[in-house]
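Read the structure below first, then the notes.
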Amino acid sequence: MFRKVLIANRGEIALRVICACKELGIPTVAVYSEADRNSLHVRFADEAVCIGPAKSSRSYLDFPAIISAAELTNADAIHPGYGFLSENAEFSEVCQASGLQFIGPPPDVTRLMGFKQHAREAMEKAGVPILPGSQGILASAGEAREVAAEIGYPVILKAAAGGGGRGMRIVRDGSEMDGAFSQAQQEAEAAFSRPDLYLEKFITAPRHIEFQILADTHGGVEVFGERECSIQRRHQKLIEEAPSPAVTPALRQEISDRLRRALRDVGYVNAGTVEFLMDETGHLYFIEVNARIQVEHPVTELITGADLVKAQIQVAAGMRLSEILDGPVELRGHALECRINAEDPETLMPSPGKITAFHAPGFIGVRVDTAAYQEGVIPPYYDSLVAKLITHGRNRDEAIKRMSRALEMFVIEGIRTSIPLHQRILAHPDFVAGKLDTHFLERLEPERAAKQA
Amino acid sequence: MDLKEIKELVQVVIDSGVAELEVTRGDSKVRIRRQVEAPRQEIVIPAQAVSAAGQPAAAPAPNPAPAAGPAEAQEAAQAEPEDDLHFVKSPIVGTFYEAPAPDAEPFVKVGDHISPGQVLCIIESMKLMNEIEAEISGTIVAKLVENGKPVEYGQALFSVRPD
């Protein structure tokens, strides 16, 4: 097992990793920017190193600072959390070269998964259903028009090396293709340094469904069921749940079997999430692989009983899944997660600042993953996540009722939060009925959506 | 001593930040000790030096003990009236070296006058030696880090009295 783990992250996920390390008896090193001097991850790690000023590029994204900190503290492993350097293959390589174990997939796997088009090809080869689309990068708007005619409109152009909504354009008709193509190329070049685009069938009212996977270094692969993350705003998830109300046991089994084969074939190691879109007829189509632990991993932990972060560390230390897991994955009950963000409910602008009162809910079936505390500050330099509120119940209805109760009993003052928005979503009859798709929020708040347009 | 007096003494301890207070009055003696939190250590290295060749360090000293050298040096520096002093801070994470080579003379000593652009020390990071240059003119008042010790971003290396 590792001698010491350095956590190359901040906020709640850094604390989450510290929890896992404490339970495994591994000393931890926190790295922090000057803005995070009073953070909880600094307090609860065994050692802490200030690595730079507030700006991420000079602290949490600064390779030399992080590697130096690992060398100085004699750490032998680095957990990258999510975001920041977690899917940076170059960083993973630098760790390797410096004799540090990166807790995640090997660099070439991270790289493969990062090129969406290559990931699609790998999945298709293993029989995982993929969204109909272009074979490889599009050479021109003309080729795009041909492929779109075959698949049928609407289609969407996407940046090959990107994500998060940038470098994307929906095209509903052949006449729009030239303009959309050149716009998407320019955006992709600016955001990801590569203008390459590919094209996919566009589903009008998709459900976002993703499967949690874990693979060891001995060829073992396990799938921990799926999550539904359809409640999103501009591609940022707000509410996630497990399992998905739309996935039948048969579909779950079929996809799990194919994913096990696919991931074994690409040599995947450690934790990851395989994202799908579900169309109106209940068919799943592969979208991409996120080669890291994700924000919403707790809902999977609650329905399976697995400790995914601990498992990540154990896999990286060379243990087999058969030693790490108690037995085959079984799903019990239903879990929900609300991402409580520091934001103004009217303008949706981030609302950083000092938290003057903080009391998290608890009691039966409630879990709170947070690095926030009373008198603590949400800085303006990073994401606006204040806390993840997660509930578990014997069924979806109980999980929802628990979440409503917990939201009501969550005290956060001094900053504005998204709690009122979460409460509105949970109270909506469509949500209760499980009638979800990624346009749910637009329908809920049409006036707000119009204001932002 | 009655309860009122004892409560007042407790308040004195709290207000003053003193860790322990013992008062004897006649036959009565009271000792009040405040639970002081383990000092937050920002410097990570255990008391033993970490060798650059990467040999595993001996088991680190138990957590609450701050790394002795830098803390003491910093306290000594704080004896000076701080308002007038300029602190040269490390721009990177790494290991502090006061001289260009192990057996060479240090770049600067206490009392030396420095000018902008003058090399004050080296901070080694990932096997690269980074020369740290002075940004102002002045006189070195104190060297705040021991040779070969690790430093973090923003850590004070020298205190300087500006011209």
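The values are calculated or read from the model by the stated rules, or taken from the named source; none is laboratory data. Everything numeric in this text was worked out from a predicted model, so none of it was measured. Here the Cβ is made from the backbone with ideal geometry for all residues, glycine too, and neighbour counts use every protein chain on show.
Yes/no per residue for (1) modelled with pLDDT of 95 or more; (2) within 29 Å of A:V94 (Cα to Cα); (3) within 13 Å of chain A (Cβ to nearest Cβ); (4) in a loop (DSSP other than H, G, I, E, B):
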| site | (1), (2), (3), (4) |
| --- | --- |
| B:L120 | yes, no, no, no |
| B:I123 | yes, yes, yes, no |
| B:V141 | yes, no, no, no |
| B:G154 | yes, yes, yes, yes |
| B:S159 | yes, no, no, no |
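How about segment A:214-249: which of its residues are assigned to a strand (DSSP E or B) and touching a Leu at 6+ places or on another chain (Cβ under 6 Å)?
In the first step, residues of segment A:214-249 are kept if they are assigned to a strand (DSSP E or B); the result is A:214-215, A:221-233, A:236-242.
Selection gives A:A215, A:V221, A:E222, A:V223, A:G225, A:S230, A:I231, A:R233, A:E241.
Tell me the residue from A:G99, A:G152 that is in contact (Cβ under 8 Å) with a residue 12 or more places away in the chain, surrounded by fewer than 18 Cβ atoms within 10 Å (Cβ to Cβ) and within 14 Å of chain B (Cβ to nearest Cβ), please. Can you show your working first?
Numbers: A:G152 fails: within 14 Å of chain B (Cβ to nearest Cβ).
The conditions single out A:G99.
Here is a yes/no grid of residues against (1) in the same structural domain as A:A188 (by TED's automatic domain parsing); (2) aromatic (F, W, Y):
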site	(1), (2)
A:I66	no, no
A:Y82	no, yes
A:E87	no, no
A:E90	no, no
A:G99	no, no
A:V109	no, no
A:F115	no, yes
A:L138	yes, no
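Please state which one of A:K22, A:K55 is over 19 Å from A:F84 (Cα atoms) and among the basic types (K, R). Quick ask: steps written out before the conclusion?
Working: A:K55 fails: over 19 Å from A:F84 (Cα atoms).
Only one candidate qualifies: A:K22.
Identify all residues within segment A:91-128 that are within 17 Å of A:R260 (Cα to Cα) and basic (K, R); write none if there are none.
The answer is A:R120, A:K125.
With the checklist (1) within 14 Å of chain B (Cβ to nearest Cβ); (2) under 16 Å from A:F2 (Cα atoms) in hand, flag the one item A:F91 doesn't pass.
Among (1) within 14 Å of chain B (Cβ to nearest Cβ); (2) under 16 Å from A:F2 (Cα atoms), the lone unmet condition for A:F91 is (2).
Identify all residues within segment A:32-48 that are at the interface with chain B (Cβ under 8 Å from one of its Cβ atoms), acidic (D, E) and surrounded by 21 or more Cβ atoms within 10 Å (Cβ to Cβ); write none if there are none.
Result: A:E47, single match.
Can you tell me which residue within segment A:320-331, out of those that are in a loop (DSSP other than H, G, I, E, B) and without any contact (Cβ under 8 Å) to a residue 40 or more places away in the chain, is nearest to A:N395 (Cα to Cα)? Working first, answer last.
Step one: list which residues in segment A:320-331 are in a loop (DSSP other than H, G, I, E, B), which gives A:320, A:325-331.
Still in the running and without any contact (Cβ under 8 Å) to a residue 40 or more places away in the chain: A:326-328, A:330.
Values: A:D326: 23, A:G327: 23, A:P328: 21, A:E330: 15 Å.
Ranking the qualifying residues of segment A:320-331, first place goes to A:E330.
Return the residues of segment A:334-351 that are surrounded by fewer than 17 Cβ atoms within 10 Å (Cβ to Cβ) and not hydroxyl-bearing (S, T, Y); say none if nothing qualifies.
Keep residues of segment A:334-351 that are surrounded by fewer than 17 Cβ atoms within 10 Å (Cβ to Cβ), which gives A:344-347, A:349.
The answer is A:D344, A:P345, A:E346, A:M349.
Return the total of residues in segment A:97-150 being of a type in the set (S, T, Y) and modelled with pLDDT under 90. Walk me through it before giving the result.
Within segment A:97-150, the subset of a type in the set (S, T, Y) is A:98, A:110, A:134, A:140.
Pick out the ones that are also modelled with pLDDT under 90 and you get A:134.
Adding up the residues that qualify gives 1.
What is the number of the single condition among (1) part of a loop (DSSP other than H, G, I, E, B); (2) at pLDDT 95 or above that A:A335 does not meet?
Here A:A335 clears every test but (1).
Assess whether A:K4 counts as being within 22 Å of A:A387 (Cβ to Cβ), out of contact with any helix residue (DSSP H, G or I) (no Cβ under 6 Å at 6 or more places or on another chain) and at pLDDT 95 or above.
On the way: within 22 Å of A:A387 (Cβ to Cβ): no; out of contact with any helix residue (DSSP H, G or I) (no Cβ under 6 Å at 6 or more places or on another chain): yes; at pLDDT 95 or above: yes.
No; evaluated as a whole, the condition is false for this residue.
Can you pull out the residues in segment B:94-114 that are within 14 Å of chain A (Cβ to nearest Cβ) and not polar (S, T, N, Q)?
Step one: filter segment B:94-114 for residues within 14 Å of chain A (Cβ to nearest Cβ), giving B:94-97.
Matches in segment B:94-114: B:G94, B:F96, B:Y97.
Look at A:F211 and say whether it is of a type in the set (F, W, Y), in contact with a Ser or Thr (Cβ under 6 Å, 6 or more places away or on another chain) and in a strand (DSSP E or B). Walk me through how you get there before you give the answer.
Working: of a type in the set (F, W, Y): yes; in contact with a Ser or Thr (Cβ under 6 Å, 6 or more places away or on another chain): no; in a strand (DSSP E or B): yes.
Judged against the criteria, A:F211 is not a match.
Test of understanding: among A:I287, A:I340, A:I313, A:I355, which residue is at negative phi, assigned by TED's automatic domain parsing to the domain that holds A:V411, modelled with pLDDT under 95 and aliphatic (A, V, I, L, M)? Quick ask: steps written out before the conclusion?
Details: A:I340 fails: modelled with pLDDT under 95; A:I313 fails: modelled with pLDDT under 95; A:I355 fails: modelled with pLDDT under 95.
Matching residue, one of A:I287, A:I340, A:I313, A:I355: A:I287.
Does A:E121 count as under 25 Å from A:V299 (Cα atoms) and away from chain B (no Cβ under 14 Å)? Steps first, please.
Working: under 25 Å from A:V299 (Cα atoms): no; away from chain B (no Cβ under 14 Å): yes.
Considered against the rule, which asks whether it is under 25 Å from A:V299 (Cα atoms) and away from chain B (no Cβ under 14 Å), A:E121 comes out as no.
For the list (1) in contact with a Pro (Cβ under 8 Å, 6 or more places away or on another chain); (2) surrounded by fewer than 24 Cβ atoms within 10 Å (Cβ to Cβ); (3) outside the structural domain of A:E280 (by TED's automatic domain parsing), I need the number of the one condition that A:V171 fails.
Unmet condition: (2).
Tell me, which residue of segment B:125-139 that is away from chain A (no Cβ under 11 Å), in a loop (DSSP other than H, G, I, E, B) and not hydroxyl-bearing (S, T, Y) is surrounded by the fewest Cβ atoms within 10 Å (Cβ to Cβ)? Spell out the reasoning first.
Filtering segment B:125-139 for residues away from chain A (no Cβ under 11 Å) gives B:129, B:131-139.
From the residues that got through so far, the ones that are in a loop (DSSP other than H, G, I, E, B) too are B:134-137.
Keeping just the survivors that are not hydroxyl-bearing (S, T, Y) gives B:134-136.
Details: B:A134: 21, B:E135: 14, B:I136: 12.
The residue in question is B:I136.
From the list B:P100, B:P150, exactly one residue is under 19 Å from A:V49 (Cβ atoms) and in contact with a Phe, Trp or Tyr (Cβ under 8 Å, 6 or more places away or on another chain). Which is it?
Values: B:P100 fails: under 19 Å from A:V49 (Cβ atoms).
Result: B:P150 is the single residue among B:P100, B:P150 that is under 19 Å from A:V49 (Cβ atoms) and in contact with a Phe, Trp or Tyr (Cβ under 8 Å, 6 or more places away or on another chain).
Go over the candidates A:V29, A:V17, A:V5 one by one and state the one that is within 13 Å of chain B (Cβ to nearest Cβ) and buried (at least 18 other Cβ atoms within 10 Å of the Cβ).
On the way: A:V17 fails: within 13 Å of chain B (Cβ to nearest Cβ); A:V5 fails: within 13 Å of chain B (Cβ to nearest Cβ).
Only one candidate qualifies: A:V29.
Which residue, of A:I66, A:I51, is crowded, with 24+ Cβ neighbours inside 10 Å, in contact with a strand residue (DSSP E or B) (Cβ under 8 Å, 6 or more places away or on another chain), within 7 Å of chain B (Cβ to nearest Cβ) and under 20 Å from A:G104 (Cβ atoms)? Write out each step before concluding.
Details: A:I66 fails: within 7 Å of chain B (Cβ to nearest Cβ).
Result of the check over A:I66, A:I51: A:I51.
Among the numbered conditions (1) in contact with a strand residue (DSSP E or B) (Cβ under 8 Å, 6 or more places away or on another chain); (2) at pLDDT below 90, tell me where A:S193 comes up short.
(1)
Can you list the strands (runs of 3 or more DSSP E) lying wholly within segment B:1-103 that have 3 or more residues being under 21 Å from B:L144 (Cβ atoms) and at pLDDT below 50?
none
Given (1) exposed (fewer than 14 other Cβ atoms within 10 Å of the Cβ); (2) closer than 30 Å to A:R261 by Cα, where does A:A190 come up short, assuming only one miss?
All conditions pass for A:A190, except number (2).
Among the residues of segment A:272-285, is there at least one that is in contact (Cβ under 8 Å) with a residue 40 or more places away in the chain and within 29 Å of A:P379 (Cβ to Cβ)? Quick ask: steps written out before the conclusion?
Of segment A:272-285, the ones in contact (Cβ under 8 Å) with a residue 40 or more places away in the chain are A:272-280, A:283-285.
If we keep only those that are within 29 Å of A:P379 (Cβ to Cβ) too, we end up with A:273.
The answer is yes, given that some residue of segment A:272-285 is in contact (Cβ under 8 Å) with a residue 40 or more places away in the chain and within 29 Å of A:P379 (Cβ to Cβ).
Kindly check whether there is at least one residue in segment B:143-162 that is without any contact (Cβ under 8 Å) to a residue 60 or more places away in the chain and crowded, with 17+ Cβ neighbours inside 10 Å. Full working, then the answer.
Of all residues in segment B:143-162, those without any contact (Cβ under 8 Å) to a residue 60 or more places away in the chain come to B:147.
Imposing the further condition that a residue be crowded, with 17+ Cβ neighbours inside 10 Å reduces the set to none.
Checked segment B:143-162: no residue is without any contact (Cβ under 8 Å) to a residue 60 or more places away in the chain and crowded, with 17+ Cβ neighbours inside 10 Å.
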